[in-house]
Amino acid sequence: RHAFPNEKVFFTWFEDFDDVVEVSADFLSDLSVGANVTYHPGTRMVKFQSVRTVYAVEAKGVLRAIASEEVAQDLYGSDWNQQIDDIGDGFYGNYDFGETIDSVDDYDPDEAEDSVESLDDNF
């Protein structure tokens, strides 16, 4: 049982709610609570509300700082700054941090996205 912090995270994994299955409260209470779901790798850049750093997402909730606007544009295109979601500071602990992305050779958004096929692959 893993919670989605918000719809933005949900929609990086699924296109709609069509496959959501409703279960009883009793069934749900029998499941132990696990880690929150993090952004699907490669789909969006993120930043925390109180920090200016923009991050790319890798598998298992690893965030990698993007070194410059130029690198972000090279990775995500000219509208790169429209592809950033703010994450509430309360969710900082959901993520780990990897090495900074200094050039396009350090990170491939498509490769990151393809690195996980399901939520189970990301835990």
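Just checking the listed ones, Tyr55, Tyr39, Tyr92: in the Gaussian network model of the chain with Cα springs under 10 Å, the one fluctuating most is Tyr92. Hey, can you find the accessible area per residue of the chain for me, probe 1.4 Å, expressed in square angstrom? That works out to 63 Å² for each residue. For the chain, modelled as a GNM whose springs connect Cα atoms under 10 angstrom apart, the maximal fluctuation among Arg64, Arg44, Arg52 occurs at Arg52. Considering only Glu22, Glu99, Glu113, the Gaussian network model of the chain with Cα springs below 10 Å gives its largest mean-square fluctuation to Glu22. With every protein chain in place and a 1.4 angstrom probe, the accessible-area ranking of Thr100, Thr38, largest first, reads Thr100, Thr38. Summing charges over all other residues whose Cβ lies under 14 Å from the Cβ of Glu99, with Lys and Arg as +1 and Asp and Glu as -1, gives -4.
When Rg and Dmax are taken over the Cα atoms of segment 41-123, they come to 12.0, 33 Å. For the pair segment 73-117 and segment 8-25, the centres of their Cα atoms are 23 angstrom apart. Computed as a quarter of the hull surface, the mean projected area of the alpha carbon convex hull for segment 1-74 stands at 6.4 nm².
The values are calculated or read from the model by the stated rules, or taken from the named source; none is laboratory data. Note that the coordinates shown come from a computational prediction; the quantities given were computed from them, not determined experimentally. Here Cβ is always computed from backbone atoms with ideal geometry, including for glycine, and neighbour counts include all displayed protein chains. Only protein heavy atoms, including side chains, enter the accessible area calculation; ligands, DNA and RNA are left aside. Shrake-Rupley method; radii C 1.70, N 1.55, O 1.52, S 1.80 Å.
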